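*Asks:* Would you mind keeping the following structure in view while I ask a few things?
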Amino acid sequence: MSEQRLAEILDLSQRLIRNHAVSTGAEEVDTVGIQASYDDLVRLLERAGLNLYTFTDGSIYPALYCDAGPVGSPPRGAFLFAGHFDVVGAQSEAQFEPRIEGDWLHGRGSADMLTVVATSVLFMRDLAKAFEGRREDAPRLGLLLVSNEESGECEPWGTPFILANLKRRFEYQPECIVAGERTGEGAVRVGKVETKSRGMLRAQLVASAAGTAAHTALNTHKTPIAKIFALEHVVNQVIGPQDGFWRSTYHVSYINGGASHSFNITPEECFAGIEIRPANPGEAERYRDALIEAAEREGVDVVIPNCEHAVVTPNDDPWVARLVTALATATGEQPSTLIGPGKLPGSQVRFAPMGCAALVWGQSGVGPHSAHEAHYIPSILPFYDALTALARDL
């Protein structure tokens, strides 16, 4: 049975990789690939007879929610497992042709996070079958899958839009959200439970010249590129030097100004993007306010599509105990070893409602977003078995 289950999970994972569901950047969005993955998942969940809600209106980013309750009943997922079936663009088209080598599944999205999506979808199918004829007794476990996580979930149907929709329609709010991102790095059989997850602040900047382009020797105004550098300096000063694993970081993600090899002409405009990963609650708003103030001072236009705080759930939270106990039961690992140091990349838990436990827990792999992305196959079944153990407690 375990071998058959693993084969099914790997088969669905590879199908999702081949779909090419790229969501990063307006010019790169593959709506055909995104729709193909959505259709594959919806067909599977519909055939399983799950209580399914789909979200497609007015957006190129479809999404879904399901649980094993009676079809047509309000959402019942006190424990909500969140994931995404979109991927970032690849370094090579060959990454969309998955391959298995030994214990590793290679391909774009294999580690982030199509294998976990395949595992959770097939788990929900099996859960519905186990409670066939008595759906009202099914565990209070829901699954939420979106297709614009990689691009920031700034528009429908990202996680915050779905949660708001379900709250408005059904007064539904989960008690615990778990993002299924990778929490095992490398050849690790059991992914840890992360109780801390950094937030995300993204700023799109446009700096213009005081006049038109000019000779560098005669220009008397701060150039657009210099204005961007001034803002970068402010961000660096506000965040300050930080040491250790758990810290806030920032990067200038892109910058475009001037013409290549034109040394003696100041550009008329400069475009740039800054991404900050705040490590502690409250920091996102402080960094945002400092950036806006500096942008006004420098005369730079700024748009902030993302400003989400870091989330920290106490290690002694009852939901942490439930998940860690289920993971220990399924894997034989000691509970004291199953809580990790924190999840550095942002995740869907940054949208968790107030009072909701927010955790990250997934499988293992290497190289997300890189040319050598791969998923560690032996981490799949321990994850599935832990979901099964958790469901017994819900």
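Every number here is computed from the coordinates shown, using simple stated rules; none is lab data. The model shown is predicted, which means the values in this text are computed figures rather than measured ones. When we count neighbours, we look across all protein chains shown, and the Cβ atoms used for this are built from the backbone with ideal geometry, even at glycine.
*Asks:* Please give the calculated 222 nm ellipticity per residue for the chain, where each DSSP H segment of at least 4 residues contributes -39500 (n - 2.57) and the sum is spread over every residue; nearest 500 deg cm²/dmol? If you can, show how the numbers build up before the last one.
*Replies:* Values: 8 runs with 121 residues, N = 394.
Here the helix-only value at 222 nm equals -10000 deg cm²/dmol.
*Asks:* May I pose another question? By the scheme Lys and Arg +1, Asp and Glu -1, what is the net charge of all other residues having a beta-carbon under 11 Å from that of residue 181?
*Replies:* On the way: positive: 182, 343; negative: 112, 149, 194.
Within the 11 Å Cβ shell, the charges total -1.
*Asks:* Please report the net charge: other residues with Cβ closer than 12 Å to the Cβ of residue 253, K and R +1, D and E -1. Numbers along the way, then the final one.
*Replies:* Details: positive: 202, 277; negative: 232, 275.
Overall, the nearby charge balance is 0.
*Asks:* Given 0.36 nm per residue, what is the gain on full extension from residue 73 to residue 312 after removing their alpha carbon distance, in nm? Present the calculation step by step, with values, prior to reporting the outcome.
*Replies:* On the way: separation 239, 0.36 × 239 = 86.04 nm, distance 3.18 nm.
Working it through step by step, the gained length comes to 82.9 nm.
*Asks:* In whole Hz and in residue order, list the ³J(HN,Hα) couplings for region 347-362 that follow from phi through the Karplus curve 6.51 cos²θ - 1.76 cosθ + 1.60, θ = phi - 60°; x for Gly and Pro.
*Replies:* Result, ordered by residue: 8, 5, 5, 5, 9, 4, x, 4, x, 9, 5, 10, 10, 10, 7, x Hz.
*Asks:* OK, next. Expressed as a rounded percentage, what relative contact order does the chain have, with Cα pairs under 8 Å and six or more residues apart? Numbers along the way, then the final one.
*Replies:* Working: 902 pairs, mean separation 88.1, N = 394.
Across the chain, relative contact order equals 22 percent.
*Asks:* What does the convex hull of the Cα atoms of the chain come to per residue, in Å³, rounded to a whole number? Present the calculation step by step, with values, prior to reporting the outcome.
*Replies:* Working: hull volume 59.7 nm³, N = 394.
Value for the chain: 152 Å³ per residue.
*Asks:* Compute the FRET efficiency between residue 56 and residue 242 as 1/(1 + (r/R0)^6), taking r as their Cβ-Cβ distance and R0 = 35 Å, and round to the nearest 0.05.
*Replies:* Working: r = 42 Å, r/R0 = 1.20.
For residue 56 and residue 242, the calculated efficiency is 0.25.
*Asks:* Let me ask you something else. Could you compute the FRET efficiency for residue 286 and residue 130, with r as their C-beta to C-beta distance and R0 at 51 Å, rounded to 0.05? If you can, show how the numbers build up before the last one.
*Replies:* On the way: r = 48 Å, r/R0 = 0.94.
Rounded to the nearest 0.05, the efficiency is 0.60.
*Asks:* Write out the GluC sites (Glu not before Pro) in region 1-107 meeting two conditions: DSSP loop, and at most 14 other Cβ atoms within 10 Å of their Cβ. Don't jump to the answer; show the numbers that get you there.
*Replies:* Working: sites: 3, 8, 27, 28, 46, 93, 101; in loops: 27, 28.
Sparse-neighbourhood loop GluC sites (Glu not before Pro): 27, 28.
*Asks:* Give me the number: length gained by fully extending residue 170 to residue 371, i.e. 0.36 nm times residue separation minus the C-alpha to C-alpha distance, one decimal in nm.
*Replies:* On the way: separation 201, 0.36 × 201 = 72.36 nm, distance 4.28 nm.
So the chain would gain 68.1 nm between residue 170 and residue 371.
*Asks:* Among 263, 229, 161, which one shows the highest mean-square fluctuation when the chain is modelled as a Gaussian network with alpha-carbon springs under 10 Å?
*Replies:* Top of the fluctuation ranking is 263.
*Asks:* Net charge within 11 Å of residue 373 by Cβ-Cβ distance, Lys/Arg positive one each and Asp/Glu negative one each, not counting residue 373 itself? If you can, show how the numbers build up before the last one.
*Replies:* Numbers: positive: 108, 182; negative: 112.
The answer is +1.
*Asks:* What GluC sites (Glu not before Pro) does region 157-245 have in DSSP loop regions with at most 16 other beta carbons within 10 Å? Before the final figure, lay out each step's value.
*Replies:* Numbers: sites: 171, 175, 181, 185, 194, 232; in loops: 171, 175, 181.
Filter output for region 157-245: 171, 175.
*Asks:* Under a cut-off of 19 Å between alpha-carbon atoms, report the aspartates and glutamates in cross-link reach of residue 222, not counting same-chain residues fewer than 8 places apart.
*Replies:* 232, 268, 269, 293, 296, 298, 301
*Asks:* Also, I was wondering about something else. Determine, for each peptide in 253-259, 120-126, the mean count of other beta carbons within 10 angstrom over its residues, then list the peptides with the highest first. All intermediate terms of the calculation are to be shown ahead of the outcome.
*Replies:* Numbers: 253-259: 14.1, 120-126: 21.9.
Peptide ranking by packing, descending: 120-126, 253-259.
*Asks:* Among 22, 87, 235, which one shows the highest mean-square fluctuation when the chain is modelled as a Gaussian network with alpha-carbon springs under 10 Å?
*Replies:* Maximum fluctuation in the GNM of the chain, among the listed residues, is at 235.
*Asks:* How much length would be gained if the chain were fully extended between residue 216 and residue 337, taking 0.36 nm per residue of separation minus their Cα-Cα distance, in nm to one decimal? Don't skip to the answer; put the middle values down first.
*Replies:* Working: separation 121, 0.36 × 121 = 43.56 nm, distance 5.95 nm.
Net length gain for the segment: 37.6 nm.
*Asks:* Could you work out how far apart the two model spin labels at residue 264 and residue 3 are, taking each label as a point 7 Å from the Cα in the direction of the beta carbon, and quote it in nm?
*Replies:* Here the answer is 7.5 nm between the modelled labels.
*Asks:* Here's something else I'd like to know. Between residue 255 and residue 304, how high is the FRET efficiency from 1/(1 + (r/R0)^6) when r is the Cβ-Cβ distance and R₀ = 22 Å? Nearest 0.05.
*Replies:* Values: r = 17 Å, r/R0 = 0.78.
For R0 = 22 Å, the calculated efficiency reads 0.80.
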